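Undergrad: Got a structure for you, written out below as structure tokens; questions coming shortly.
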Amino acid sequence: MTQNTEITDFIIEGLRNRKGHAITVVDLSEIENAGARRFVIAEGTSATQTAALADSVEEYLLDHGFGKPLGKIGTAAGEWIVMDYGDTWIHIFLPPTRARYNLEELWSDARITALPDLD
């Protein structure tokens, strides 16, 4: 397993630990000039939950040796939280905000994998 696969797996675990849903992995590795190699996108049902999802991901990654994010924005409002782990960015949305920005459509030429919800 490569480090990139591992970080993605831990991100997904952290999101699922706090009941994140509609998790999608967007592989941007074949797209020139993309700012990251992959996005992991998820939803929470409230601003409180999106903040809890971000905290959970950060805890999981710290516990597994990935350190703190290079950047983390959006936690105050909780509509759209972005966490930067270098070549992997995590986007945690409230559903209306996710629908408005529709990153999957914006990056539709990437390989997109929608994961099933566990609940």
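Undergrad: How many residues, within segment 16-44, are part of a loop (DSSP other than H, G, I, E, B) and out of contact with any strand residue (DSSP E or B) (no Cβ under 8 Å at 6 or more places or on another chain)?
TA: Total satisfying the criteria: 6.
Undergrad: Moving on. Before we move on, is THR48 part of a helix (DSSP H, G or I), in contact with a Phe, Trp or Tyr (Cβ under 8 Å, 6 or more places away or on another chain) and of a type in the set (Ser, Thr, Tyr)?
TA: no
Undergrad: Further question: Can you pull out every residue in segment 17-28 that is touching a helix residue (DSSP H, G or I) at 6+ places or on another chain (Cβ under 9 Å) and among the charged types (D, E, K, R)?
TA: Correct list: ARG18, LYS19.
Yes/no per residue for (1) at pLDDT 95 or above; (2) out of contact with any Lys or Arg (no Cβ under 7 Å at 6 or more places or on another chain); (3) not in a helix (DSSP H, G or I):
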residue	(1), (2), (3)
ALA52	yes, no, no
VAL57	yes, yes, no
LEU61	yes, yes, no
LYS72	yes, yes, yes
ILE92	yes, yes, yes
THR97	yes, yes, no
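Undergrad: Would you be able to say whether some residue in segment 81-88 is out of contact with any helix residue (DSSP H, G or I) (no Cβ under 8 Å at 6 or more places or on another chain) and either at pLDDT below 95 or closer than 15 Å to SER29 by Cα (or both)?
TA: Checked against the condition, which is being out of contact with any helix residue (DSSP H, G or I) (no Cβ under 8 Å at 6 or more places or on another chain) and either at pLDDT below 95 or closer than 15 Å to SER29 by Cα (or both), segment 81-88 yields at least one hit.
The values are calculated or read from the model by the stated rules, or taken from the named source; none is laboratory data. Keep in mind that what you see is a predicted model, and the values were worked out from it rather than measured. For neighbour counting, all protein chains shown are included, and Cβ atoms are generated from backbone atoms with ideal geometry for every residue, glycine included.
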